[in-house]
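Comments concern the structure below.
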Amino acid sequence: MDVSLTLIAIMAVLFACGVYAMMERSLTRVLIGFLLLGNATNLLLLIVMGVPGAAPFHGETGAVSDPLPQALTLTAIVITFAVSAFLLALIYRSWQLGQADTVEDDPGDIAVRERTDAEEELFDDESTPEEEGATTDFVGVSTAPITVLHMRDHPAIHDDAPVDRATWAPERPEPGPAPEPSVEGPLERDEEERP
């Protein structure tokens, strides 16, 4: 595979400048850095493609170019466009709200950064021994099988769960035996197959 050293150098410079620009606090510079990274990625995929050849059609003889890097390049272009549009919307909204596009530290971030090691250990040791040995999130709650309310026509379902009723809702009559199915066909077959 014959790779141009110029393309590799340009790709490396684009990656370095893109990462450097993304480390800034200005959202405009972050956008520029992201665009540089997207173009560097496209160049990387162009380098990976190797020597150009004929279009990869069925039955083509001779040197054929690899279609996978071409598809990945198209995907990278679309993703770069979408994220750039999102960043532009963020920059516009930030400029509307504060007349600046810089990202400032939150008071919560500053408080986390100023914590000492003793405070960090205190936050880590908040769990109790009960919670450490538990295998579920529902600590201290007895688990039971799920019951379906108002289904007394089936003998395997227990309807003893408490029910919250609104004061304005009409009372339901006590459930009696299951009504006989009025439709002939599959329902009757299901009734006969039940144990």
Original post:
What whole-number value in Å² describes the accessible area per residue of the range 33-107 for a 1.4 Å probe?
Top reply: 68 Å²
Original post:
Hey, rough spin-label estimate for residue 110 and residue 70, points 7 angstrom out along Cα→Cβ, what's it come to in nanometres?
Top reply: 5.6 nm
Subject >> Principal axis dimensions, the range 3-106 - Cα atoms, whole angstrom, descending >> reply: 61, 28, 17
Original post:
Between residue 23 and residue 6, what is the spin-label point distance in nm, taking each point 7 Å from the Cα along the Cα→C-beta axis?
Top reply: 3.0 nm
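The values are calculated or read from the model by the stated rules, or taken from the named source; none is laboratory data. In this text, all values refer to a predicted model and were calculated from it rather than measured experimentally. Using ideal geometry, Cβ is built from the backbone for each residue, glycine included, and neighbour counts are taken over all protein chains shown. Keep in mind that these areas ignore ligands, DNA and RNA; they rest on the heavy atoms of the full protein, side chains included. Shrake-Rupley method; radii C 1.70, N 1.55, O 1.52, S 1.80 Å.
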